[in-house]
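Before any comments, here is the structure.
The values are calculated or read from the model by the stated rules, or taken from the named source; none is laboratory data. Here the structure is a predicted model, which is why all the values come from computation and not from measurement. Methodologically, a virtual Cβ is constructed for each residue, glycine included, from the backbone with ideal geometry; neighbour enumeration extends over all protein chains shown. Accessible surface areas use protein heavy atoms only, side chains included; no ligands, DNA or RNA. Shrake-Rupley method; radii C 1.70, N 1.55, O 1.52, S 1.80 Å.
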Amino acid sequence: MTRYGFLGLGIMGKAMAANLLAGGLEVTVWNRTTEKCAPLAALGARIGNSPAEVVADCDITFAMVSDPAAAAALFFGEGGVLEGIVPGKAYVDISTVDPTTSLEIARAVNAEGGRFLEAPVSGSKKPAEDGTLVFLCSGDESLFHEAKPALDLMGKKSFYFDKPGQGAEMKLVINMIMGTMMTAFAEGLTLGDKAGLGMADILDVLTQGAIDNPMFRLKGPQMASGNFTPAFPLKHMQKDMRLALELGDKFGQPLFTAAAANNLYLKSRQAGNGDEDFSTVFQAIAGN
Ligand code: NAP
C-alpha cells in the first residue's frame, strides 16, 4: 500500500490531510508547530519527527506551506525534505510559490533520483474541507498519474500542464484575478455604503447580473457583518499579488490594476491585518 506523507498543517493542509485519512490512506504528518499534528493523529495519522523522516518513511509526500521562503526552508533546511530524497521517492508541493522556487526544488529532487510535481490549488478552506479543490499541476507526468487517487480525495479536478513552472504560473494568474476582483468589490461596497445604499440591497442586486459569482456571494455578507475570520489569510493574498507582479515584470507585462490592489493589501498588512481573511482589505478601503 502506498504510504503518504503530509507536511504543513495550516488552514489548508489540515483539511487536506484529513481527507486523505478519510479516504482510507495511510498518512504520516509533520508540522513545524508540533501541536497542530494532534487533530490528525486523532484521525489515525502517524506523526513524523522531521520532514526528512517523513519523506524517508513514505512513497509520496505532499507539502502545503506559506510561501516561497517556507517552501525552500522546508525542502533545503536542516532535517528538510531533501535529506530524505533517494531514488523512488516522490514529492508534491501544493504551496503557492513562484515558478523559480518550484523549478529549484524540482531540480534538487531530480538530482537525487526522485520525482517532483508542483500542484498548487485553486479553492479555499471550505473546498479543502469538502474535497473540492482544483489542482494545477506540472512536473513529472508519471507522478501526476500516480498521485491522482490522492488528489481526487482532496479535489474535484486536476489539470496537468506540460511545461514545469506552469502550475505555479496558472495559480498566480488565477489569484491575481481574484485579488483584483476583491478590491474592486470592496471599493464598490464602500462607495455604495457612503452613498446611503443598503449593503444588503447592493449584494442582492449583484446576484442578479453578469458579475454574480461565488466569491461575492460568500464573502459579501461576511464583509457586511464585519466577519473577517480567516479562510484565506490576507498575508498570503498579498504574497500572491507580489509574485504575480514579479511574473508580469519577467514577461514585460504591465499590470496596472493588480499593482493598485497589491498596495491595498500591503496597507492592510501594515495595519496589522495580515492574519485576517483577505476580504479584510475592505476595512483598509473603507478607512475603518
Ligand atoms: P496557513 O494556515 O498560514 O499555514 C501555513 C503553514 O505553513 C503552516 O503549517 C506553517 O507552520 C507552515 N510554515 C510556514 N513557514 C514555515 C517554515 N519556514 N517551515 C515549515 N513550515 C512552515 O496557510 P494556508 O492558508 O494553509 O495556506 C498554505 C498555502 O496554500 C499558501 O501558499 C497559500 O497561499 C496557499 N493557498 C491557501 C488557500 C486558502 O484559502 N487558505 C487557498 C489556496 C492556496 P506553523 O503551523 O508552524 O506556522
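Taking amide H positions as modeled 1.01 Å from N, with prolines and chain starts lacking one, the residues under 5 Å from Arg3 and 5 or more places away or on another chain are Asp59, Ile60.
Its Kirkwood hydrodynamic radius, worked out from the mean inverse distance over all distinct Cα pairs, puts segment 64-114 at 10.9 Å. Taking every protein chain into account, the accessible area of the chain amounts to 45 square angstrom per residue (probe 1.4 Å).
Working from Cα pairs under 8 Å separated by at least six residues, relative contact order for the chain is 13 percent.
Kirkwood hydrodynamic radius of segment 51-171, from the reciprocal of the average inverse Cα-Cα distance over all distinct pairs: 14.0 Å. What does the charge count near Leu117 come to, summing +1 for each Lys or Arg and -1 for each Asp or Glu among other residues with Cβ under 11 Å from its Cβ? Summing Lys/Arg as +1 and Asp/Glu as -1 gives -3. Phi-derived couplings, Karplus 6.51 cos²θ - 1.76 cosθ + 1.60 at θ = phi - 60°, listed residue by residue for segment 117-127: 10, 8, 8, x, 10, 9, x, 10, 4, 5, x Hz, with x used for Gly and Pro.
Ligands, DNA and RNA excluded, the heavy atoms of Ser124 present near 40 Å² of accessible surface to a 1.4 Å solvent probe. Glu104 contributes about 90 Å² of solvent-accessible surface, heavy atoms of the protein only, 1.4 Å probe. Charges were assigned to the Cβ only: +1 to each Lys and Arg, -1 to each Asp and Glu. The resulting dipole of the chain about its Cα centre is roughly 340 debye. Across segment 123-185, the fraction of Cα-Cα pairs farther apart than 20 Å, rounded to a whole number, is 35%. The 1.4 Å probe gives accessible areas that order Ser225, Ser122, Ser142, largest first, as Ser225, Ser142, Ser122.
With bins 10 Å wide beginning at 0, the percent of Cα pairs of segment 3-76 falling in each bin runs 22, 60, 17, 0. Placing unit charges on the Cβ atoms only, positive for Lys and Arg and negative for Asp and Glu, gives segment 3-164 a dipole magnitude near 440 debye about its Cα centre.
Rolled with a 1.4 Å probe across the full set of protein chains, the surface gives Leu243 an accessible area near 10 Å².
Beta bridges per DSSP, both residues in segment 1-142: antiparallel share near 15 percent. Beta bridges assigned by DSSP with both partners in the chain are antiparallel in approximately 15 percent of cases.
Coupling constants for segment 128-133 follow from the phi torsions by the Karplus curve (6.51 cos²θ - 1.76 cosθ + 1.60, θ = phi - 60°), and in residue order they are 5, 5, 7, x, 10, 6 Hz; glycine and proline get x. Mean residue ellipticity at 222 nm, helices only, the chain: -16500 deg cm²/dmol; runs of at least 4 DSSP H residues each add -39,500 (n - 2.57), and the sum is divided by the number of residues.
The fraction of accessible area contributed by carbon and sulfur in the chain is 55 percent, rounded to a whole number (1.4 Å probe; ligands and nucleic acids excluded).
If you count Lys pairs in segment 3-164 whose Cα atoms are under 29 Å apart, skipping same-chain pairs closer than 8 places in sequence, the total is 28.
When both bridge partners sit in segment 70-218, DSSP labels roughly 30% of those beta bridges antiparallel. Can you pull the percent of Cα pairs in the chain with separation above 28 Å? For the chain, the fraction of Cα-Cα distances above 28 Å is 38 percent.
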